[in-house]
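Below: one structure, written as structure tokens.
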Amino acid sequence: MLPLEAIDTRAKLLHVALTGVLLFIVRSLWAGVAYMALLALLFCLCGRPLFALKAAAAYALALGASQLLLLVPSTMTTVLSMLLFMIARFVPLSALVMLLLQTTGTGQVIQALESWRVPRVVTVPVSVMFRFAPTIGQEVGHITDALRMRGLRPSPWGLVRAPAALLEHLFLPLLMRATKVSEELAASAVVRGIESPEPRTVRLPLRWQGRDSAYLVLVLAMFGAVVALDKGVLSL
């Protein structure tokens with residue numbers, strides 16, 4: 001087993017980057033399905049079977065719905081089908097980013113980027129983003145709890161039935177909180193010395209080990225297999 005918490009941050013960042021590249025170069029539907037299946041197997045190997053099941057289910061649901069909508073010939077269903085297909089395409093990348101946020105600290109990400117000589121104009125926004133995403137998730141939970149206390153139930157069905165009301169009661173408070181949270185996180189980063197020109201000190205320096213090489217070899221093998229399937233070199 002390859003626990004993701006123990007994998008070097010640089011290996012995980014390379015995996016995210018390769019997945020982003022794969023989304024743009026792979027055009028075959030079956031190649032995308034194969035990559036999602038391989039990614040789910042990798043998640044299971046890393047000790048995340050429940051997360052793998054959820055990611056695969058979300059991918060299958062979005063992709064299946066997009067293909068079913070094509071059976072109904074109309075402009076609206078075609079647009080919805082294209083939207084769901086794009087959502088399905090980005091499920092693997094979204095799943096990887098979520099796991100990166102869950103298993104990697106902000107300091108580790110900054111340390112990995114600095115080891116690659118990435119300029120501060122990139123590392124500073126990334127550090128704020130890594131703190132921003134979990135905080136916004138908590139804010140969404142707080143807003144939905146407040147809505148339920150007032151007899152309102154935000155849901156996908158509510159978005160279809162009353163989109164204006166959902167925008168007013170959910171997205172406007174979320175937008176205001178997002179603005180406030182971004183200001184607070186930026187101020188917190190400055191107080192912690194993120195803009196200091198001096199080299200950062202680290203408590204746990206990154207060390208590339210054998211398990212990191214094994215993880216990267218698996219990722220590269222998946223990448224190569226999916227590209228070969230997309231180009232017709234391999235066939236299912």
What are the residues whose amide H is under 5 Å from the amide H of Thr104, where those residues sit 5 or more places off or on another chain and H is modelled from the backbone?
-> none
Calculated from backbone phi, Karplus (6.51, -1.76, 1.60) coupling profile of the range 130-144 in Hz, x at Gly/Pro = 5, 8, 6, 4, x, 5, 5, x, 5, 5, 4, x, 5, 5, 5
Largest first and in whole Å, give the semi-axes of the chain's equivalent ellipsoid, each being the square root of 5 times a Cα gyration tensor eigenvalue.
-> 32, 30, 15
Using only helices, what value at 222 nm comes out for the chain when you add -39,500 (n - 2.57) per DSSP H run of length 4 or more and divide by the total residues, to the nearest 500 deg cm²/dmol?
-> -24500 deg cm²/dmol
Note, the range 18-32: 3J(HN,Hα) by Karplus (6.51, -1.76, 1.60, θ = phi - 60°), whole Hz, Gly/Pro = x, goes 5, 5, x, 5, 4, 4, 8, 9, 8, 10, 6, 5, 5, 5, x
Phi angles of the range 9-16, converted by Karplus (6.51 cos²θ - 1.76 cosθ + 1.60, θ = phi - 60°) into ³J(HN,Hα) in whole Hz with x for Gly and Pro, give 4, 5, 5, 5, 5, 5, 5, 4
So who's got an amide H within less than 5 Å of the one on Cys46, skipping anything under 5 residues away but keeping other chains? H placed 1.01 Å off N, in plane.
-> Leu2
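Each reported figure results from applying straightforward, stated rules to the coordinates on display, with no laboratory input. As the structure is a computational prediction, the values presented were derived from the model and not from experiment.
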